[in-house]
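This report concerns only the one structure given below.
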Amino acid sequence: MLITIKQADFDRIYEHALAERPNEACGLIAGHDTENGVRVIEKVYLLTNIDHTNEHFSIDPREQLAAIKDMRTNGLKPLGNWHSHPESPSRPSEEDKRLANDSRASYLILSLMEEKPVLNAFHIESSEDGKTVRKEELEIRGEDSAEE
Amino acid sequence: MKITVAGEQKEVADGLSIAELIVLENVETPEYVTVSVNEEFVNSDSFESLILKEGDVVEFLYFMGGGR
């Protein structure tokens, strides 16, 4: 699946993750899925990591509920979440995989370990061997880009 | 009766409990799911006993967490 995110939303995630460093930062993504199989992120939510550490994140459930309500109000679909890895690569850790329990969700991970940020998207679902991870194609698009 | 589940209006049987709705909706890994009814969180101990009413708005919130 191709996932698109606006440059401005990428910038918001990146700036929030920088501000929260050294702790992990997190939030939700919302938008819609097109008939052509493109997942369009239309809004990102910057939420509180109630673990407040550089090793874990847990999204505040009250903020999560408020974000879901906002999505419903604005006709957006919950598409998954994002979180930062301040000191590690942009790939799901064992704990990320263990706690990824919604196979419909996309999981975005922003790595800050190098000077240039790296954002990747993953699909994670349960399988006989535990969890199967598949990297999804992610496109960061400018404001003038046409939607697929 | 009509209730709203995850943003979609649905017709369900009267007397449906949260626990029955979780099964009906094929919720994945329910042990990691928090349920809200009309924007109030429901304690998992009440899933069997809480009976839904006409017009209730239900959300299933997956625990969202991880680590490096």
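Read-outs: derived from the displayed coordinates by stated rules, not from any lab. None of the values given here were measured: they were computed from a predicted structure. Cβ placement follows ideal geometry from the backbone for every residue including glycine, while neighbour counts extend to all protein chains displayed.
Residues whose amide H lies under 5 Å from that of A:S106, counting only those 5 or more places away or on a different chain, are A:G80, A:N81; hydrogens are built 1.01 Å from N in the peptide plane.
Taking R0 as 25 Å, what FRET efficiency do you get between A:M1 and B:A19 from their Cβ-Cβ distance, rounded to the nearest 0.05?
Values: r = 32 Å, r/R0 = 1.30.
Plugging the Cβ-Cβ distance into 1/(1 + (r/R0)^6) gives 0.15.
Peptide packing for A:39-49, A:59-69, A:123-133 was compared via the average number of neighbouring C-beta atoms within 10 Å per residue; ordered from the highest value, the list is A:39-49, A:59-69, A:123-133. Counting only lysines at least 8 places from A:K97 when in the same chain, those with an alpha carbon closer than 23 Å to its own are A:K77, A:K131, A:K135.
Among rounded, prolate and oblate, which fits segment A:83-148 when a ≥ b ≥ c are the square roots of the eigenvalues of its C-alpha gyration tensor, a/c under 1.5 means rounded, and a/b larger than b/c means prolate? Oblate, because a/c is 1.5 or more while a/b does not exceed b/c. Ordering A:P78, B:G66, A:A17 by the projection of their Cα atoms onto the charge dipole of the protein assembly as shown, which places +1 on the Cβ of Lys and Arg and -1 on the Cβ of Asp and Glu, puts A:A17 at the extreme positive end. Inter-part distance, segment A:77-101 to segment B:10-44, computed on C-alpha centroids, equals 25 Å.
When ranked by the protection proxy of mean other Cβ atoms within 10 Å per residue, highest first, what sequence do the peptides B:37-44, A:86-93, B:50-57 form?
Working: B:37-44: 12.8, A:86-93: 17.1, B:50-57: 14.8.
Ranked by mean Cβ neighbours within 10 Å, highest first: A:86-93, B:50-57, B:37-44.
With a simple spin-label model that places each label point 7 Å from the Cα along the Cα-to-Cβ direction, the separation between B:E40 and A:A8 comes to 3.9 nm.
Need the full-extension length gain, A:D60 to A:E95, defined as separation in residues times 0.36 nm minus the C-alpha distance. One decimal, nm.
Details: separation 35, 0.36 × 35 = 12.60 nm, distance 1.77 nm.
That pair, A:D60 and A:E95, stretches by 10.8 nm at full extension.
Using the Cβ of B:A6 as centre and a radius below 13 Å, the other residues enclosed give a net charge of -1, where K and R count +1 and D and E count -1. Along its principal axes, the protein assembly as shown has C-alpha extents of 57, 38, 35 angstrom, given from the largest down.
Each Lys and Arg adds +1 at its Cβ and each Asp and Glu adds -1 at its Cβ; summed about the Cα centre, chain A shows a dipole of about 320 debye.
Could you order peptides B:21-30, A:104-113, A:11-20, B:6-15 by the average number of other Cβ atoms within 10 Å of their residues, highest first? Don't skip to the end; give the middle numbers.
Working: B:21-30: 14.7, A:104-113: 20.7, A:11-20: 16.9, B:6-15: 11.6.
Ranking the peptides B:21-30, A:104-113, A:11-20, B:6-15 by packing returns A:104-113, A:11-20, B:21-30, B:6-15.
Taken residue by residue and averaged, Cβ atoms of other chains lying within 10 Å of the Cβ of A:57-63 number 4. Residue-wise HN-Hα couplings along segment B:25-37, as the Karplus relation 6.51 cos²θ - 1.76 cosθ + 1.60 with θ = phi - 60° gives them from phi, are 8, 6, 5, 6, 5, x, 5, 9, 10, 9, 10, 10, 10 Hz; Gly and Pro carry x.
Peptide B:9-20: average number of partner chain Cβ atoms within 10 Å per residue? List each step's numbers first, then the result.
Values: counts 0, 0, 0, 0, 0, 0, 0, 0, 0, 0, 0, 0.
Taking all residues of B:9-20 together, the mean is 0.
Karplus-derived 3J(HN,Hα) values for segment A:23-35, using 6.51 cos²θ - 1.76 cosθ + 1.60 with θ = phi - 60°, are 6, 6, 10, 7, x, 10, 10, 9, x, 8, 9, 7, 5 Hz; glycine and proline are entered as x. Each residue of segment A:2-12 is assigned a 3J(HN,Hα), and the resulting list reads 8, 10, 10, 9, 5, 4, 5, 6, 4, 4, 5 Hz, derived from the Karplus form 6.51 cos²θ - 1.76 cosθ + 1.60 (θ = phi - 60°), x at Gly and Pro. When only Cα pairs below 8 angstrom with a gap of at least 6 residues are kept, chain A shows a relative contact order of 26 percent.
Over the whole of A:94-102, what's the average partner chain Cβ count within 10 Å per residue? Rounded to a whole number, please.
Mean number of neighbouring Cβ atoms from other chains: 6.
At q = 0.27 Å⁻¹, work out log10 I(q)/I(0) for segment B:2-62 with the Debye formula, treating every Cα as an identical point scatterer and leaving solvent out; two decimals please. One equal scatterer on each Cα of segment B:2-62 leads to -1.35. Rounded to the nearest 20 debye, the dipole size of chain B about its Cα centre is 200 debye, using +1 on the Cβ of Lys and Arg and -1 on the Cβ of Asp and Glu.
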